[in-house]
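The values are calculated or read from the model by the stated rules, or taken from the named source; none is laboratory data. Computed from a predicted structure; not experimentally measured. Neighbour counts are summed over all protein chains in view; Cβ atoms, including those assigned to glycine, are modelled from backbone coordinates with ideal geometry.
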Amino acid sequence: MKRPLRDLGLALCLGFLGPVHGEEPPAKRGPAYQYESDDIRIPIPSADEAKVASFGPESVAAAARYLEEGSLAWVRERSCVNCHTTGPYLSERPALAPYLGPANAEVLADFAESVPTEIKPVEPREKNGHLHHPGAFTAVWRSLGLPEWDKQAGGPVSEATDRSLRDMFERQSSSGAFVSHGEVEIPHITTYIATTQALKALALCGELEEIAGGAE
């Protein structure tokens, strides 16, 4: 009776240890959709997907629908300002308003609601030997998108935009950069991008000419 029990124990151990004899473990399945929220379901892009038959009104409409649905799905499910969906949407989409109609107000509301109600000093933190001010990357994209919307609306700089800009500059490092260490995967590149976008935000608000002139 001892051998069957020993064999059973060996089989159980091998089962817990995983595949043997060079067997490959089952591949992890990623998400089925790039964006998903209620009736919005945009599949993950792949090399196998079909190309459009020809460029024209239908393909432009499809691209516009992708922008709208992707940003809405992200706002509804993640509710965060980022560099890959909602940030570019609000910073670039208003310029397309003459052709595609106004940018979506729901995305704007998410941006405005993310602005701190009270502007406070932000202390730097260290990660992997680098100092950064938490939230710098998000603050820059938010501060770039809001004045683009103000410009589309044809009005002055809004209160939310002004507050966002002041919060953004609480997160500027002594080097002048808006450091993204600890927030994104490629910090050196994104730090450069964030600093460029921060200056662009100032230019949109009409502030850069006066400030730059005073620095000469």
Practice problem: Look at region 101-129 and say how many of its residues are outside any loop (DSSP other than H, G, I, E, B) and surrounded by fewer than 16 Cβ atoms within 10 Å (Cβ to Cβ). | Solution: 7
Quiz prompt | Selection count where residues are in a helix (DSSP H, G or I) and either farther than 20 Å from Tyr192 by Cα or more than 19 Å from the chain's Cα centre (by Cα) (or both), scope region 165-175 | solution = 2
Exercise. Check region 78-86 and report whether any residue there is within 17 Å of Glu148 (Cα to Cα), surrounded by 13 or more Cβ atoms within 10 Å (Cβ to Cβ), of a type outside the set (S, T, N, Q) and at pLDDT 95 or above.
Key: no
Quiz item: Across region 44-66, what is the number of residues that are surrounded by 10 or more Cβ atoms within 10 Å (Cβ to Cβ), modelled with pLDDT of 90 or more and either closer than 20 Å to Pro88 by Cα or of a type in the set (Gly, Ala, Ser) (or both)?
Solution: 8
Self-check item: Which listed residue is in a loop (DSSP other than H, G, I, E, B) and either farther than 30 Å from Ser174 by Cα or free of Cβ contacts under 8 Å to residues at least 24 places away in the same chain (or both), from Ala73, Ala53
Solution: Ala53
